[in-house]
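**Student:** Sharing a structure below in structure tokens format, with a few things to ask.
What follows draws every value from the coordinates through simple rules; no lab data is involved. Small disclaimer: the values here were computed from a predicted structure and weren't measured. Backbone-built Cβ (ideal geometry, glycine too); neighbour counts: all protein chains shown.
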Amino acid sequence: MSGDYSRVRFDPRIDLSGVLMQQGRVQLDSDWNEWVAVLDRRLRAESVDTLGVHVTPGITGVAVVSPQTPDAFKIEAAGGNISIGRGRMYVDGLLAENHGGGAAEFDAVLAELRGKTALAYNLQPYFPAPPTLPGGGPHLAYLEVWQREVTYLQQANLVESAVGVDTTTRLQTVWQVRLLANVSGANCTTPDTTVAGWQALSLPSGGRMSIKAEGVPPDLDPCELPPGGGYRGLENQLYRVEIHDGGAVGAAKFKWSRDNASVASIVVEIVSQTATSTELKLASLGRDAVLRFNTGDWVEILDDRRELSGENGDPALRRGVMRKISVDDAKQTISFSPALPANLIPGGGLDTLDSRHTRVRRWDQKGTVRDANNNVIVNLDAAGSTGLIPVPAAGVWVVLENGIQIQFSLDPSGSGFHCGDYWVSAARTNDTSVETYTQAPPRGIHRHYARLSIVTFLTTKPTAV
């Protein structure tokens, strides 16, 4: 017998780890069936990797069998390049999986296709523009693993054509093999603390944030709720505060959204690009009069190359670019100045807006940003503004809107703020409450690291140990 299903779309090769429901959407059988498949595949893979293929209970426990993927993330160097062994590795509990390259073959254990060979460094699935490999050495090859949220902007089939809207999002476990250059004197047994640069590279974010709702000032807007509580907004919201530029207090900068930065759209065309300005055509300007792009909004333009550049990539490419936009409803375009940088312009051929998943998302900071004592922190309307708010000194409360205030600090056991650190807080109108916390660590993005090998590129015989 079989059930009545709308579709089956689970694909183990895109490394999903979760399915997330969105508010106000219809529920689809395909979403929840895919979630069951994701869980089943993870449990089976972990079971055969940990216990083996044929497990027999007995007096002494389970049978001992050989590992399923003994060459997982094995690094081999040849001809100035490196290859990455096919297989699975568990990094702080996250399953990083290299499904291999070359011709496909059937894996009878997990009943799925996989590549037959190791994967070349420049063909990593989640590293669309890896940096050129350094010469000489020794260099430390390492694995960086994290989870990212994927929406219909990156995975188009999340819009079910039968209903015409996106219903759920996905959690995806992504990985990259990178090199930490010139770790002279290090080998595979060298402690982490004595490998040059490793501690600074792998330290978690020290960023901390507090949030609260304060009383109402006397000059209330007549359209706002009356005094008596903290949150004064007219709508229930999920506020998101995200670090755009990492670093120490004073150097780091942040942005915020009252809708979890979910107001976003696909870029379908670069209408014009001059030395000073850019015009982009979007798939949509928004769902309604509130959840849309408007003239004067600050938006972030980004693509997969920037999102997947990694915390340890080029600092200029770790995030999108911020621009204040003008909207043309008739043409369904946004325009802004200065122009997009060259590295956000596809090169043609297989390098397109579609392949990069170029997208725009709205942020809600505007105008003059002040602290709780009414001191100006930044004027986002000033000439030359980047649209970002500096992270002020510890102890300073920053006023967002509607009674909500936030404060930043750094935990000395971590590093500075990381690009992509974010916090969320729910605000509710019925009791004027805001979800409060004190010196909370970021909800994400948390990156995890594993050392793989020491690589030296020689003129005669490249080596990897």
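**Student:** Do you know the relative contact order of segment 1-158, to the nearest whole percent, from alpha carbon pairs under 8 angstrom that are 6+ apart?
**Tutor:** Values: 177 pairs, mean separation 20.6, N = 158.
This gives 13 percent for segment 1-158.
**Student:** Please list, in order along segment 366-376, the HN-Hα scalar couplings obtained from phi with the Karplus expression 6.51 cos²θ - 1.76 cosθ + 1.60 (θ = phi - 60°), rounded to whole Hz, x for Gly and Pro.
**Tutor:** 8, x, 8, 9, 10, 8, 5, 9, 6, 7, 6
**Student:** Can you work out D for segment 318-465 in µm² s⁻¹ from Stokes-Einstein, where Rh is the Kirkwood radius over C-alpha pairs, the temperature is 37 °C and the viscosity is 0.692 mPa s? It would help to have the intermediate numbers written out before the result.
**Tutor:** Working: Rh = 20.1 Å.
The estimated diffusion coefficient comes to 163 µm²/s.
**Student:** Relative contact order for the chain using alpha-carbon pairs under 8 Å, separation at least 6, rounded to a whole percent? Walk me through the intermediate numbers first.
**Tutor:** On the way: 998 pairs, mean separation 90.9, N = 465.
The value is 20 percent.
**Student:** Another one. Explain nothing, just compute: Karplus ³J(HN,Hα) = 6.51 cos²θ - 1.76 cosθ + 1.60, θ = phi - 60°, for every residue of segment 37-42 in order, whole Hz, x for Gly and Pro.
**Tutor:** Listing the rounded values in order: 5, 4, 5, 4, 5, 4 Hz.
**Student:** Something else: On a C-alpha basis, how far is the centre of segment 247-297 from the centre of segment 34-49 in Å? Whole number, if you could?
**Tutor:** If we compute the Cα centre of each part, the gap is 37 Å.
**Student:** Also, I was wondering about something else. Using +1 at the C-beta of Lys and Arg and -1 at the C-beta of Asp and Glu, which of 372, 410, 439 has the Cα lying farthest in the positive direction of the dipole of segment 207-440?
**Tutor:** Of the options given, the answer is 410.
**Student:** Between segment 323-378 and segment 401-456, what is the C-alpha centre distance in whole Å?
**Tutor:** Centre-to-centre (Cα) distance: 23 Å.
**Student:** Around residue 160, which amide H atoms from residues at least 5 apart in sequence, or from another chain, sit under 5 Å from its own amide H, with H modelled in the peptide plane?
**Tutor:** Here 165, 167 satisfy the definition.
**Student:** Now, a different point. Net charge near residue 396: determine it from the other residues with C-beta under 12 Å of the C-beta of residue 396, scoring Lys and Arg +1 and Asp and Glu -1.
**Tutor:** 0
**Student:** Give the long-range amide H neighbours of residue 380: residues separated by 5 or more places, or on another chain, with amide H under 5 Å away, using H modelled in the peptide plane at 1.01 Å from N.
**Tutor:** The list, which skips near neighbours in sequence, is 367, 368, 369.
**Student:** Next question, about the same structure. Rounded to whole Hz and in sequence order, give me ³J(HN,Hα) for segment 264-270 from the Karplus expression 6.51 cos²θ - 1.76 cosθ + 1.60, θ = phi - 60°, writing x for Gly and Pro.
**Tutor:** 8, 7, 7, 8, 9, 7, 8
**Student:** Give me the lysines in straight-line cross-link reach of residue 324: C-alpha distance below 16 Å, same-chain residues under 8 apart excluded.
**Tutor:** Of all the lysines, those that pass the test against residue 324 - Cα under 16 Å, at least 8 places apart if same chain - are 255, 281, 366.
**Student:** About the Cα centre of the chain, what is the dipole size in debye to 20, counting +1 per Lys and Arg Cβ and -1 per Asp and Glu Cβ, all else neutral?
**Tutor:** Using only the charged Cβ atoms, the result is roughly 780 debye.
**Student:** Hey, can you grab everything whose amide H is under 5 Å from the amide H of residue 73? Only 5+ residues off in sequence or another chain; H modelled, so Pro and N-termini drop out.
**Tutor:** Answer set, sorted by chain and number: 85, 86, 87.
**Student:** While we're looking at this one, here's another question. Using Cα pairs closer than 8 Å and at least 6 residues apart in sequence, work out the relative contact order for segment 207-440, in percent.
**Tutor:** Details: 534 pairs, mean separation 79.9, N = 234.
RCO, segment 207-440: 34 percent.
**Student:** Tell me which of 261, 422, 346 sits at the most positive position along the dipole axis of segment 207-440, charges placed on C-beta atoms (Lys, Arg +1; Asp, Glu -1).
**Tutor:** The Cα lying farthest towards the positive end belongs to 346.
**Student:** Right, another one. Bin all alpha-carbon pair distances of segment 207-440 at 5 Å intervals from 0 and give each bin's fraction as a whole percent.
**Tutor:** 1, 6, 13, 17, 18, 17, 12, 9, 5, 2, 0, 0
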